[in-house]
Amino acid sequence: EILRWLEHARQEWEAGRLELRREREDIHMNVESYLREHAGPEMGGRLHTARSRNDQVVTDCRMHLRARLLDVQEAVAELQAVLLRLAAAHTTTVMPGYTHTQHAQPISAGFWLSGHAASLARDQQRLAEVYLRVNRCPLGAAALAGTSFPTDRELTARLLGFDAVEEHALDAVGSRDFLTESLAALAILGVTCSRLAEEIVVFSTWEFGMLEVSDAHASGSSIMPQKKNPCLAELARGRTGRLIGHLVQALTTFKGLISGYNRDLQEDKPPLWEALDVAESTAQVLGAMLAEAELKPARMRELVGKNFATATELANFLVQERQLPFRTCHEIIGALVGALIKEGKTLDDHVRVRELLAAAGQELSLEQIASVVDPEACLRRQVSLGSTGPEPTARMITSLQSELEQVRNLVCERRALLHGAREHTASLVAGVLEGRSLEDLEW
C-alpha cells in the first residue's frame, strides 16, 4: 500500500496536481501526510520506519548532484570540442605568445587554443573524480546512529543507482565534504573559463584585433554606434566570482559544526544549485561564442613581426651554430634589440641586424637572418615535447581529442547506470503492485 500511494503521489506531482502545504513543515511531512490520508494511518504511519529526514536529505542531495555533475561535464566537453576543432585548423597560423602580457615568442593559434582545452581536460578529471565520492548512498544512516531495524543498505544503494554505501552513519549525515569538493571543482572550472573569457575580451579589441566575436554574442552601446562589446565573455569572467563565493560560503557554513546533523546544513544546497547552473551555462556560452568567432590570421602575423618575438630564436641559433653559452647569446641579442628600438627598427630590418651582429663578432648572412627571424620558420623549428611546433601541437590535439572521447563515454556510461537503476527499481515496484511475490522478482 505504501508503494501504491507513493506511485500515486509521483503521478500527481508530475501532473502538477500535488499540493504542498506549508503548515506540514517540509516535503517529507507532506509526503507522509499524503500517504496517511490515502493509504490510511496504519500504512502511511509506517513510511518513516528506520529512516530520518537527516539521511533522506543528504541522499536526495547526492542524487541530484551526481546528475548535474554529468550535465556540467557535457557542457565542458562541448567547449573542448570547439577549441580542439579550431586548434586543428590552425596549427601553422602564427600569433604572438605572451608572458607578463608582453610579447614573448611566436606560437600557433592552434597551440593557444589547445592550451585551454588541456586545462579543461584537468577540470574534467576533477569532475569525474568527485563524482565517485558523490555517488555513495547515505540512506539508512537514519538520524545519526543507524537503526535497530534489519535494513539492507546495500540493496537501497543499488536500487537508487549508487556505486556504494556511505557506511559510517554519523559521518554520512553530518559531513558535506563531497559538496565542498564539488564546489571546489566548479570554482576551479570557473577560473579556467574566466581566463579564456579574458583572452576573448582582450584579443577582440581594436588594439589586438586577433579575433572577432559574432554579432549574436556581442552587444552595442546605448550612445556609441560603433561599439561591438563582447559582453557574454565579460559576464563569463564576472560570474567566476559567484562560483568562488559559493565555495567560501559552504566552507564557512561547515567549518564549526559538531558531529551529526545540524540545521546549518540546510544552507548547503542554494549555493550548490546555483554553482551548477553558473558553471554549466558559462561553458555553454563560451563554446557558442568560439564556434562563431572569426580568427584573424593576418593580424596575428602582423603583430608577431612588430615586437621582436623571434629574438629568443636568434639567440638559440647562435648557441647551436656558434657553440656559445646561452647567457652570452642572450646578452648579444639583448643589446641588438635595444639598439634597434632606439633606431625605430625591428628584426625585419635584416641589413641593420647583420651590421649589429657583426659588430658583436657574429657574422651572419642576410639569408640566415631572414630564416631565423621568420615567425613561420621559427614555429616549425619548435620540436620539443609539448612545444608550439605544428607536429607537437597536432599530436597534443589528437591526444586531447582521444581523452575527450573517453570523458564522453564515461558520462554516457554513468547516465546509463543511473537510468538502468531507475528503470529496474520501477519494474520492481510495478511487480509488487501487480501482486507478484518477492521471490519471483530479480532484486
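Pairs needed: first member in region 47-71, over 17 Å from Glu154 (Cα atoms); second member anywhere, among the aliphatic types (A, V, I, L, M) and crowded, with 18+ Cβ neighbours inside 10 Å; C-beta distance under 6 Å; at least 6 residues apart or different chains.
That search, which allows pairs on different chains as well, returns Leu47/Leu35; Ser52/Ala142; Asn54/Val173; Leu65/Val134; Arg66/Val134; Arg68/Leu276; Leu69/Leu127; Leu70/Val411.
Could you check Asp55 against (1) under 26 Å from the mean Cα position of the chain (by Cα); (2) on the phi < 0 side of the Ramachandran plot and say which number it fails?
(1)
Please go through region 143-154 and pick out each residue that is touching a residue at least 60 places away in the same chain (Cβ under 8 Å) and open to solvent by less than 90 Å² (accessible area, probe 1.4 Å).
Applying the first criterion (touching a residue at least 60 places away in the same chain (Cβ under 8 Å)) to region 143-154 yields 143-144, 147, 149, 151.
Ala143, Leu144, Thr147, Thr151 - these are the residues of region 143-154 that are touching a residue at least 60 places away in the same chain (Cβ under 8 Å) and open to solvent by less than 90 Å² (accessible area, probe 1.4 Å).
Does any residue in region 237-248 that is polar (S, T, N, Q) come within less than 6 Å, Cβ to Cβ, of a residue that is in a helix (DSSP H, G or I) and open to solvent by less than 30 Å² (accessible area, probe 1.4 Å) six or more places away or on a different chain, and which pairs are these?
From region 237-248, the pairs are Thr240/Gly190; Thr240/Ser194.
Please go through region 205-219 and give me each residue that is part of a strand (DSSP E or B), without any contact (Cβ under 8 Å) to a residue 60 or more places away in the chain and open to solvent by 50 Å² or more (accessible area, probe 1.4 Å), ordered by number. Can you show your working first?
The first filter runs over region 205-219 and keeps only residues part of a strand (DSSP E or B), leaving 211-212, 219.
From what is left, the residues that are without any contact (Cβ under 8 Å) to a residue 60 or more places away in the chain are 219.
None - no residue of region 205-219 is part of a strand (DSSP E or B), without any contact (Cβ under 8 Å) to a residue 60 or more places away in the chain and open to solvent by 50 Å² or more (accessible area, probe 1.4 Å), so the list stays empty.
Take the residues in region 13-25 that are touching a helix residue (DSSP H, G or I) at 6+ places or on another chain (Cβ under 9 Å) and exposed (fewer than 14 other Cβ atoms within 10 Å of the Cβ), then tell me which one is farthest from Asp55 (Cα to Cα).
Initially, region 13-25 is screened for residues touching a helix residue (DSSP H, G or I) at 6+ places or on another chain (Cβ under 9 Å), giving 17-21, 24.
Imposing the further condition that a residue be exposed (fewer than 14 other Cβ atoms within 10 Å of the Cβ) reduces the set to 17, 19-21.
Details: Arg17: 27, Glu19: 24, Leu20: 21, Arg21: 22 Å.
Of everything passing the filter in region 13-25, Arg17 is farthest from Asp55 (Cα to Cα).
For the condition assigned to a helix (DSSP H, G or I), small (Gly, Ala, Ser) and free of Cβ contacts under 8 Å to residues at least 40 places away in the same chain, what is the one hit in Ala157, Ala172, Ala118?
Working: Ala172 fails: free of Cβ contacts under 8 Å to residues at least 40 places away in the same chain; Ala118 fails: free of Cβ contacts under 8 Å to residues at least 40 places away in the same chain.
That would be Ala157, the only listed residue that is assigned to a helix (DSSP H, G or I), small (Gly, Ala, Ser) and free of Cβ contacts under 8 Å to residues at least 40 places away in the same chain.
List the number of the failed condition for Ser222; all other conditions in (1) without any contact (Cβ under 8 Å) to a residue 60 or more places away in the chain; (2) of a type in the set (S, T, N, Q); (3) surrounded by 15 or more Cβ atoms within 10 Å (Cβ to Cβ) hold.
So Ser222 meets the others, but not (3).
Can you tell me which of (1) farther than 30 Å from Asp71 by Cα; (2) touching a residue at least 60 places away in the same chain (Cβ under 8 Å) is the one Thr346 doesn't meet?
(2)
Being within 14 Å of Val58 (Cα to Cα), out of contact with any Lys or Arg (no Cβ under 6 Å at 6 or more places or on another chain) and surrounded by 17 or more Cβ atoms within 10 Å (Cβ to Cβ) is the requirement here; does Gly174 meet it? Reasoning before the result, please.
Details: within 14 Å of Val58 (Cα to Cα): yes; out of contact with any Lys or Arg (no Cβ under 6 Å at 6 or more places or on another chain): yes; surrounded by 17 or more Cβ atoms within 10 Å (Cβ to Cβ): yes.
Here the answer is yes, as Gly174 does meet what is asked.
Of all residues in region 110-135, which are among the charged types (D, E, K, R) and either open to solvent by less than 20 Å² (accessible area, probe 1.4 Å) or over 15 Å from Leu189 (Cβ atoms) (or both)? Outline the logic, then answer.
Taking region 110-135 as the starting set, the residues that turn out to be among the charged types (D, E, K, R) are 122-123, 126, 129, 133.
Matches in region 110-135: Asp123, Arg133.
Which ones in region 375-415 are over 15 Å from Ala88 (Cβ atoms) and open to solvent by 60 Å² or more (accessible area, probe 1.4 Å)?
Listed by number, the residues that qualify are Arg380, Arg381, Val383, Ser384, Leu385, Gln406, Arg408, Asn409, Cys412, Glu413, Arg415.
Can you pull out the residues in region 32-56 that are buried (at least 20 other Cβ atoms within 10 Å of the Cβ) and in contact with an Asp or Glu (Cβ under 9 Å, 6 or more places away or on another chain)?
Answer for region 32-56, where residues must be buried (at least 20 other Cβ atoms within 10 Å of the Cβ) and in contact with an Asp or Glu (Cβ under 9 Å, 6 or more places away or on another chain): Tyr34, Leu35, Ala39, Gly44.
Among the residues of region 118-130, how many are within 15 Å of Thr180 (Cβ to Cβ) and in contact with a Lys or Arg (Cβ under 9 Å, 6 or more places away or on another chain)? First the steps, then the outcome.
Our first condition is that a residue be within 15 Å of Thr180 (Cβ to Cβ); within region 118-130, this holds for 126-127, 129-130.
Next, from what is left, pick out any that are in contact with a Lys or Arg (Cβ under 9 Å, 6 or more places away or on another chain): none.
Count: 0.
Note down all Cβ pairs under 8 Å where the first residue falls in region 394-413 and is touching a residue at least 40 places away in the same chain (Cβ under 8 Å) and assigned to a helix (DSSP H, G or I), the second is of a type outside the set (A, V, I, L, M, F, W, C) and surrounded by fewer than 19 Cβ atoms within 10 Å (Cβ to Cβ), and they're at least six residues apart or on different chains.
From residues that are touching a residue at least 40 places away in the same chain (Cβ under 8 Å) and assigned to a helix (DSSP H, G or I), the pairs are Met396/Gly386; Arg408/Glu74; Val411/Glu74.
All but one of (1) open to solvent by less than 30 Å² (accessible area, probe 1.4 Å); (2) not in a helix (DSSP H, G or I) hold for Gly361; state the number of the condition that does not hold.
Just one mismatch for Gly361, condition (1).
Based on this model, can you work out whether Glu198 counts as out of contact with any Gly (no Cβ under 7 Å at 6 or more places or on another chain), open to solvent by 60 Å² or more (accessible area, probe 1.4 Å) and not in a loop (DSSP other than H, G, I, E, B)? Even if it seems obvious, please write down each step before you answer.
Numbers: out of contact with any Gly (no Cβ under 7 Å at 6 or more places or on another chain): yes; open to solvent by 60 Å² or more (accessible area, probe 1.4 Å): yes; not in a loop (DSSP other than H, G, I, E, B): yes.
Yes; evaluated as a whole, the condition is true for this residue.
Select from region 276-307 the residues that are in a loop (DSSP other than H, G, I, E, B) and at pLDDT 95 or above and write down the one among them that is farthest from Thr192 (Cα to Cα).
Just the residues of region 276-307 that are in a loop (DSSP other than H, G, I, E, B), to begin with: 293, 296, 305-307.
Next, only the ones that are at pLDDT 95 or above stay: 293, 296.
Values: Ala293: 19, Lys296: 23 Å.
Among residues in region 276-307 that are in a loop (DSSP other than H, G, I, E, B) and at pLDDT 95 or above, the one farthest from Thr192 (Cα to Cα) is Lys296.
Mind telling me which of the residues Val383, Val432 ends up being touching a residue at least 24 places away in the same chain (Cβ under 8 Å) and either assigned to a helix (DSSP H, G or I) or on the phi < 0 side of the Ramachandran plot (or both)? Before the answer, list the steps.
Working: Val383 fails: touching a residue at least 24 places away in the same chain (Cβ under 8 Å).
Step by step, each of Val383, Val432 is checked, and only Val432 is touching a residue at least 24 places away in the same chain (Cβ under 8 Å) and either assigned to a helix (DSSP H, G or I) or on the phi < 0 side of the Ramachandran plot (or both).
Which residue, of Ala141, Ala128, is under 24 Å from the mean Cα position of the chain (by Cα), among the small types (Gly, Ala, Ser) and within 30 Å of Leu265 (Cα to Cα)? Give the derivation first.
Numbers: Ala141 fails: under 24 Å from the mean Cα position of the chain (by Cα).
Result: Ala128 is the single residue among Ala141, Ala128 that is under 24 Å from the mean Cα position of the chain (by Cα), among the small types (Gly, Ala, Ser) and within 30 Å of Leu265 (Cα to Cα).
Restricting attention to region 240-259, and to residues there that are open to solvent by 60 Å² or more (accessible area, probe 1.4 Å) and part of a helix (DSSP H, G or I), which single residue is farthest from Ala293 (Cα to Cα)?
Thr252
The values are calculated or read from the model by the stated rules, or taken from the named source; none is laboratory data. These numbers come from a predicted model, not from an experiment. Every residue, glycine as well, gets a Cβ built from its backbone with ideal geometry; the counts of neighbours run over all protein chains shown. Accessible surface is based on the protein model in full, side chains and every heavy atom, while ligands, DNA and RNA are left aside. Shrake-Rupley method; radii C 1.70, N 1.55, O 1.52, S 1.80 Å.
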